[in-house]
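Comments concern the structure below.
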Amino acid sequence: MKNIRSNIIAAGILCLSLGMTSCTKGFLDVESKTESTTGNFYKTEQDAYRALLGCYDGYRRATCGSAVNFLVSAEVMGYECFGGSGASDGNGMRVTDRFDLSEMPSSTGSSWSGYYAGIYRCNELITRENSIQWNETGSMHTQYMAECHAIRAFLYFDVVRQFGNIPLLTKPTDENIPQADPADVYKLIFDDLKFAIENIPANAYPKAESETNDGKITKYACEAILARAYLYYTGYYGQEPEGVTKADALAAVEDIISSGQYALIPEYRRLWPAACAQKAEVGDMTTLYGDYAGDGNNEIVLTVKCTASVNWSGLDGNRWQVNIALRTSTGVAPYAQGWGYATVNPKFVEEYEDGDTRRTASVIDIKGEGLEDNQLVQTCIVQSQEYTGYYIKKYAPLAFADGTHAGMENGTGNLMISNHQDYVQVRYADVLLMAAELGSPNAQQYFNMVRERAFKDKDGNTSPLYTEKQATKENIMRERQFEFAFEGINYYDLLRQGIDYAAAQLAKQNGVEVMTAGAPATISFNPQNFINKAGLMMVNTNQILLSDGVLKQNPGW
């Protein structure tokens, strides 16, 4: 049986991939005289490069092209955030937040189609490799293919963590297949990553040249994801993966450290545009961004690049930023307006230690920042679900002093499509903490580097409130929670510590007071709902219908 879902994806790739296909009424019957098609395209190394750019584009669309992406869903499922959104929006975000379909029985669940569209592009290039006439001298053959394999691994790693039970496609096919054993998916992920590590030269994209190569996949990015995937697999599934050992994972992150390519930005706040933002007149981007360390700074190991867009079909920007912004009718400088998703749990905010600068760098504190009496914010409270007075700052979109959106320098940006903050996938701080967790001889040093940085001011002085802690597993995991809050990492850190442990942590949300439609409300979380679903998301019911029941719903949903 052919899968309607896959046919739609296949046609979409033919139409969307970098203009490579003329998508006219009869394009399947008539060979284009002016455009490339999959039948006549994959011939030269330049064609391969264009196809690789299509894979990068597919990766960006999957991670940044939807309203509720991997990061937003991870934050809502985790302890740090609630569902939020508007008072009149329905309870769709509560389904995700509370693992409870009864909150909105009509919910169909999140779709994985964007990820499989990106995977399709990678599979297409991998399958066509031997039909390409690669350059005889100076060929980039091996590196291009290595980057393609890496992108496929990144995409699969996101999907398998979210849904657990997913189809494993290694060819550009419309075949309708059942979900694979997660162990087989991880074997492909590790095989792809190892191939990329072995075949992307260490000097392919030097960090010193990040102004021109930022966003490209390096050997070191693949090593970081390999370690992250190893830690997740062994924690969540309680067994060793095929083909990768703990020693391999440690060697991978130690190689990143010894490369000398990366370093911690001295002041944590400077990693995030909104944490550095100042009130600025329209067009004054220098004042607006303040002392932001910049895209591609020395701490960034892997990032997804986004660009401002005024094109609704372009999908070049960061489409989920608007959803986590303040739910106001215009910007409240320096923060732009949005839809109020993923409101921050005040209980988590209270858990930061005194002197830890990560709190103010990570969280918009409406009262603490003097915004509580702003009329726009008062309206926001009435229009919001699960309003807490706290929002995610790390990815908050920005506005000029008059409230206009700052996606475009001239103030003509659109709040929905002109957000363009890069989506940071891996920071050097994560590399250091993973190395410590994996048992590096330098574990204490690495742990101290990350923790002490959090207590430093702009002049590099360490707060007297700083205390050194031992680099135990418990302390490392606790430090990760504050270091990587609102980066889409902490929920999966919870899962890899065990379902029962994660359920107990999430249950601490119970009884937290919030405001919905301006009225007091309390959070109610049943940990058994989470346990029954093993922390996995609901497979989209439309995907199951399109597969004629070949795809199965995750247990508990």
Open item on the list: Could you give the length gained by full extension between residue 501 and residue 378, i.e. 0.36 nm per residue of separation minus their alpha carbon distance, to one decimal place?
Closed with: 40.5 nm
Open item on the list: Suppose each label sits 7 Å from its Cα in the direction of the beta carbon; what would the residue 329-residue 134 distance come out to in nanometres?
Closed with: 6.1 nm
TODO: Return the label of the correct value of Kirkwood radius over Cα pairs in Å, as calculated from the structure shown, out of (i) 27.1; (ii) 24.3; (iii) 26.2.
DONE: (ii)
Task: Eligible aspartates and glutamates near residue 187 by straight Cα distance, threshold 12 Å, same-chain separation 8 or greater - done: 240, 242
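Based on the alpha-carbon gyration tensor of region 469-557 and its eigenvalue square roots a ≥ b ≥ c, which shape applies: rounded if a/c is under 1.5, prolate if not and a/b is larger than b/c, or oblate? Intermediate results must be reported in sequence, preceding the final value.
Values: a/c = 2.26, a/b = 1.34, b/c = 1.69.
Because a/c hits 1.5 or more and a/b fails to exceed b/c, region 469-557 counts as oblate.
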TODO: Please name which of 555, 501, 540 has its Cα lying farthest along the dipole of region 485-557 towards the positive end, using unit charges on Cβ (Lys, Arg +1; Asp, Glu -1) and the Cα centre as origin.
DONE: 555
Open item on the list: Give me 306, 122 sorted ascending by neighbouring Cβ count inside 10 Å, so fewest comes first.
Closed with: 306, 122
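What are the GluC sites (Glu not before Pro) within region 231-279 that DSSP puts in a loop, where the Cβ has at most 10 other Cβ atoms within 10 Å? Present the calculation step by step, with values, prior to reporting the outcome.
Values: sites: 242, 254, 267; in loops: 242, 267.
Loop-located and lightly packed - none at all.
Given Cβ point charges of +1 (Lys, Arg) and -1 (Asp, Glu) and nothing else, what value in debye, to the nearest 20, does the dipole of region 197-333 about its Cα centre take? Walk me through the numbers on the way to the answer.
Values: 11 positive and 17 negative charges, 99 e Å.
Computed about the Cα centre, the dipole is about 480 debye.
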- [ ] Give a residue-ordered list of calculated ³J(HN,Hα) values for region 194-204 (Karplus: 6.51 cos²θ - 1.76 cosθ + 1.60, θ = phi - 60°; whole Hz; x for Gly, Pro).
- [x] 5, 4, 5, 4, 6, 10, 8, x, 4, 9, 4
Task: Amide hydrogen neighbours beyond the local backbone of residue 427, cut-off 5 Å, H modeled - done: 301
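Fewest Cβ neighbours within 10 Å first, please rank 141, 420 accordingly. Can you show the working numbers first?
Working: 141 14, 420 20.
If I rank by nearby Cβ atoms, fewest first, I get 141, 420.
Could you tell me which chymotrypsin sites (Phe, Trp or Tyr not before Pro) in region 283-313 are loop residues by DSSP with no more than 10 other beta carbons within 10 angstrom of their beta carbon?
Sparse-neighbourhood loop chymotrypsin sites (Phe, Trp or Tyr not before Pro): 312.
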Open item on the list: Counting other beta carbons within 10 Å of each residue's own, what order do 75, 479, 175 fall into, fewest first?
Closed with: 175, 479, 75
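For the chain, with only Lys/Arg (+1) and Asp/Glu (-1) charged at the beta-carbon, what is the dipole magnitude about the Cα centre, in debye rounded to 20?
Values: 47 positive and 67 negative charges, 162 e Å.
Using only the charged Cβ atoms, the result is roughly 780 debye.
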Task: Set of lysines near residue 456 by C-alpha distance (under 26 Å), chain-local residues within fewer than 8 positions excluded - done: 207, 279, 347, 367, 393, 394, 469, 473
- [ ] Enumerate by residue number the trypsin sites (Lys or Arg not before Pro) in region 387-458 meeting two conditions: DSSP loop (anything except H, G, I, E, B), and at most 14 other Cβ atoms within 10 Å of the site's Cβ.
- [x] 458
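Just so you know, all these numbers are worked out from the coordinates, no wet-lab data involved. Computed from a predicted model, the values in this text were never measured in an experiment. Note: ideal-geometry Cβ built from the backbone for every residue, glycine included; neighbour counts use all protein chains shown.
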